[in-house]
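Chemist: Input: one structure, supplied below.
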């Protein structure tokens with residue numbers, strides 16, 4: 001059973017809804033979660049916004065493995081920036097962390113990891129799966 005938390009990941013301007021209150025438990029096949037990562041560190045979070053479209057849409061639910069914080073370029077991560085939480089594709093450059101959106105209308109965010117801004121950035125975990133309800 002994987003907990004779903006109240007916090008919402010922003011695919012846009014940043015979500016201030018960051019509470020870790022559990023709002024439900026969801027069943028996944030044991031073999032699936034073991035193959036994907038550490039099930040004891042997994043959490044489900046909903047997304048709001050359109051910066052990750054067409055891949056991830058507003059209202060989707062993401063499965064995040066919080067034990068996977070090492071950045072693999074080109075993978076999708078939940079990232080905390082000060083009081084906000086976002087979902088982005090991460091890239092690395094010398095001394096920089098680059099947060100990209102799939103939606104090209106949203107510019108990349110470059111963070112100088114040697115500067116003061118890096119103190120407020122934390123990798124929450126890697127997105128390993130997502131789903132959406134039929135509308």
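Chemist: Can you give me the distance in nm between label points at residue 1 and residue 67, each placed 7 Å from the Cα along the Cα-to-Cβ direction?
Modeler: 2.0
Chemist: Give the label of the value calculated from the structure for P(r) over Cα pairs in 10 Å bins from 0, in percent, choosing from (i) 12, 38, 31, 14, 5, 1; (ii) 13, 45, 34, 8, 0; (iii) 12, 41, 33, 13, 1.
Modeler: For P(r) over Cα pairs in 10 Å bins from 0, in percent, the calculated option is (ii).
Chemist: Comparing 31, 41, 83, which has the greatest mean-square fluctuation in the GNM of the chain with Cα pairs linked when under 10 Å apart?
Modeler: 31
Chemist: Quote the FRET efficiency, to the nearest 0.05, computed for residue 41 versus residue 93 with a Förster distance R0 of 25 Å and r equal to the Cβ-Cβ distance.
Modeler: 0.35
Chemist: Take the Cβ-Cβ distance between residue 112 and residue 20 as r, set R0 to 22 Å, and report the resulting FRET efficiency rounded to the nearest 0.05.
Modeler: The value I calculate is 0.15.
Chemist: Moving on. In the Gaussian network model of the chain, springs joining C-alpha atoms below 10 Å, which of 35, 100, 69 carries the largest mean-square fluctuation?
Modeler: Among 35, 100, 69, the largest GNM mean-square fluctuation belongs to 35.
Chemist: Given the Cα-Cα distance of residue 48 and residue 122 and 0.36 nm per residue of separation, how much length would full extension add, in nm?
Modeler: 24.7 nm
Chemist: Assuming 0.36 nm per residue, please report the length gained on full extension of the stretch residue 103 to residue 30 beyond their Cα-Cα distance.
Modeler: Answer, rounded to one decimal: 22.9 nm.
Chemist: Here's a follow-up. Kindly put 104, 61 in sequence by how many other C-beta atoms sit within 10 Å of each C-beta, fewest to most.
Modeler: Least to most surrounded, the residues fall as 104, 61.
Chemist: Among 107, 94, 54, whose mean-square fluctuation peaks in a Gaussian network model of the chain (Cα, cutoff 10 Å)?
Modeler: 94
Chemist: For the range 2-131, give me the percentage of DSSP beta bridges that are antiparallel, rounded to the nearest 5 percent.
Modeler: Bridges in the range 2-131 are about 90 percent antiparallel.
Bear in mind these aren't lab numbers, they're just calculated from the coordinates by the rules spelled out. These numbers come from a predicted model, not from an experiment. When we count neighbours, we look across all protein chains shown, and the Cβ atoms used for this are built from the backbone with ideal geometry, even at glycine.
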